[in-house]
Amino acid sequence: MKRIILGITGSIAAYKAIEILREFKKGGEDVICVLTSEATKFVTPFSLSTLSGNSVITGLFEPRNTPIHINLAASDVILVAPCTYNFIGKVASGIADDTLSSVISATTAPVVFVPSMHTNMWENKILQENIKKLKKLGYYFMQPETGRLSTGKVGKGRFPDSDSIVKKVYQIINQNAKTDLSLQGKRIIVTAGGTQEDLDPVRCITNKSSGRMGYEIARESIAQGGDVVLISGHTEIEPPKGVELIKVRTTEELANEVLTQASNAHILIGTAAVADYTPVNYENNKIKADKLTIKFKKTQNILKLVRKKYKKLFIVGFALETDNLVDRAKAKLKEKSLDLIIANSVSSLGGLNTQVTLIDKNSKAKKLPVLPKSEAAKQIVDWIIKKIK
């Protein structure tokens with residue numbers, strides 16, 4: 001569990017901080033909201049305390065054994081979202097005249113500013129100089145988006161969406177938590193979950209994949225500093241915080257997304273349980289026959305397609321078989337021109353544990369013991385890192 005200080009300043013976008021708070025709480029984090037006096041005009045402390053489960057801090061002079069700003073400064077990250085023109089100027093000038101600015105003055109944790117303001121204020125040279133100054137001192141900034149502002153005009157200064165803010169914060173936490181971030185600067189695609197092939201508007205062909213293995217690999221890749229795109233088929237698991245999540249359903253949708261995302265990726269880890277067959281015909285109405293014969297055709301071999309288009313991409317495949325597991329995995333490794341492959345038994349489908357065999361390009365195999373999928377993911381990612389060095 002991380003302790004996150006969510007600082008809110010007097011912007012019309014202050015109400016959007018509630019969604020950020022909700023996302024962090026979903027991830028099990030301890031969130032303490034610190035409001036400037038101006039922020040209380042836009043969002044109420046009562047709402048934030050109810051959602052966070054913590055008291056909301058609005059003033060410096062509240063009775064404590066330890067000065068409140070010193071206590072709050074000892075957190076994992078300070079996020080100021082939204083952040084006004086005035087507040088950026090205050091911090092850049094070394095002013096600490098309220099709780100939030102005092103916390104920032106006392107902390108050694110990473111501080112992330114998410115500006116939100118009118119375009120003219122964003123483009124003001126004083127603001128831009130203040131931002132440059134703070135960046136040089138090690139503070140983090142997210143760029144505002146271009147869109148419709150509170151005035152009704154379109155311009156740069158719009159508050160980013162909560163998902164991108166949360167992702168950025170987790171990336172920064174991970175960067176500061178580890179001195180050796182082996183995947184920093186690497187964009188990694190992880191596919192996960194099962195695909196579905198439609199028979200009619202009601203029924204589909206799918207498999208028993210839970211998606212857990214891929215989600216754990218995505219989580220560990222983030223922890224190693226990677227910029228992770230998780231392309232997920234059907235699953236009922238909450239995605240790891242910090243990923244860029246793309247939901248797909250069919251094998252064709254998965255193939256299209258992987259081919260698109262691979263253009264600027266360094267590593268592809270294909271854990272998705274792809275349906276190998278799809279019905280030749282789709283019925284527009286629900287099938288009601290007493291007996292049914294369905295003709296199938298092979299679906300696209302996604303990793304093979306990606307390898308053909310992106311020769312230099314480092315591709316890791318997964319093989320799931322009921323028999324001759326290692327031999328069949330080695331055959332797939334060569335057939336698809338993969339860099340690595342992980343062989344795992346059908347018994348791992350839908351479970352919390354797995355037993356995998358790691359096979360490299362030279363067909364050298366290493367069998368791991370039965371492990372929780374979270375631990376197996378760590379060993380798999382460590383193995384991948386050793387192979388790309």
Self-check item: Looking only at segment 180-211, and only at residues there that are of a type in the set (Lys, Arg) and over 15 Å from the mean Cα position of the chain (by Cα), the one that is surrounded by the most Cβ atoms within 10 Å (Cβ to Cβ)
Solution: Arg203
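Consider Asp323 carefully, then state whether it is surrounded by fewer than 16 Cβ atoms within 10 Å (Cβ to Cβ), among the acidic types (Asp, Glu) and more than 27 Å from Pro279 (Cα to Cα). Steps first, please.
Working: surrounded by fewer than 16 Cβ atoms within 10 Å (Cβ to Cβ): yes; among the acidic types (Asp, Glu): yes; more than 27 Å from Pro279 (Cα to Cα): no.
Here the answer is no, as Asp323 does not meet what is asked.
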Practice problem: Give, as residue ranges, the strands (runs of 3 or more DSSP E) completely inside segment 123-234 that count at least 1 residues that are within 30 Å of Thr278 (Cβ to Cβ) and touching a helix residue (DSSP H, G or I) at 6+ places or on another chain (Cβ under 7 Å). | Solution: 187-192, 227-232
Practice problem: Scan segment 345-387 residue by residue and report those that are free of Cβ contacts under 8 Å to residues at least 24 places away in the same chain and more than 20 Å from Ile222 (Cβ to Cβ). | Solution: Ser347, Asn353, Gln355, Asn362, Lys364, Lys366, Lys367, Leu368, Pro369, Val370
Quiz prompt | Considering residues of segment 33-56 that are touching a Gly at 6+ places or on another chain (Cβ under 8 Å) and part of a helix (DSSP H, G or I) only, the residue surrounded by the most Cβ atoms within 10 Å (Cβ to Cβ) | solution = Ala39
Quiz prompt | Search result, residues across segment 329-373 that are assigned to a helix (DSSP H, G or I) and crowded, with 17+ Cβ neighbours inside 10 Å | solution = Ala329, Lys330, Lys332, Leu333, Ser348, Lys373
Quiz prompt | Unmet criterion (only one of (1) under 25 Å from Ile173 (Cβ atoms); (2) modelled with pLDDT of 90 or more; (3) not in a helix (DSSP H, G or I)) for Pro240 | solution = (2)
Exercise. Take segment 108-123 and flag every residue that is free of Cβ contacts under 8 Å to residues at least 60 places away in the same chain and under 26 Å from the mean Cα position of the chain (by Cα).
Key: Thr108, Val111, Phe113, Val114, Pro115
Quiz prompt | Matching entry among Val316, Val306 (being among the aliphatic types (A, V, I, L, M), surrounded by 15 or more Cβ atoms within 10 Å (Cβ to Cβ), part of a helix (DSSP H, G or I) and assigned by TED's automatic domain parsing to the domain that holds Asn256) | solution = Val306
Quiz prompt | Residues located in segment 87-108, provided they are surrounded by 22 or more Cβ atoms within 10 Å (Cβ to Cβ) and farther than 13 Å from Val34 by Cβ | solution = Ile88, Val91
Practice problem: All but one of (1) within 21 Å of Ser37 (Cα to Cα); (2) in contact with a strand residue (DSSP E or B) (Cβ under 7 Å, 6 or more places away or on another chain); (3) among the β-branched types (Val, Ile, Thr) hold for Thr84, so report the exception by its number. | Solution: (2)
Quiz item: Based on what the data block shows, is Thr146 among the hydroxyl-bearing types (Ser, Thr, Tyr) and touching a Ser or Thr at 6+ places or on another chain (Cβ under 7 Å)?
Solution: no
Quiz item: Ile126 fails exactly one of the following numbered conditions: (1) more than 29 Å from the chain's Cα centre (by Cα); (2) β-branched (Val, Ile, Thr); (3) within 16 Å of Thr36 (Cβ to Cβ). What is the number of that condition?
Solution: (3)
Quiz item: Can you find a residue in segment 18-31 that is assigned to a strand (DSSP E or B) and touching a residue at least 12 places away in the same chain (Cβ under 8 Å)?
Solution: yes
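Residues to consider are Ser221, Ser210, Ser182, Ser164; find the one that is over 26 Å from Val111 (Cα atoms) and at pLDDT below 95.
Every option except Ser210 fails the conditions.
The values are calculated or read from the model by the stated rules, or taken from the named source; none is laboratory data. Computed from a predicted model, the values in this text were never measured in an experiment. Neighbour counts run over all protein chains shown; Cβ positions are idealised from the backbone, glycine included.
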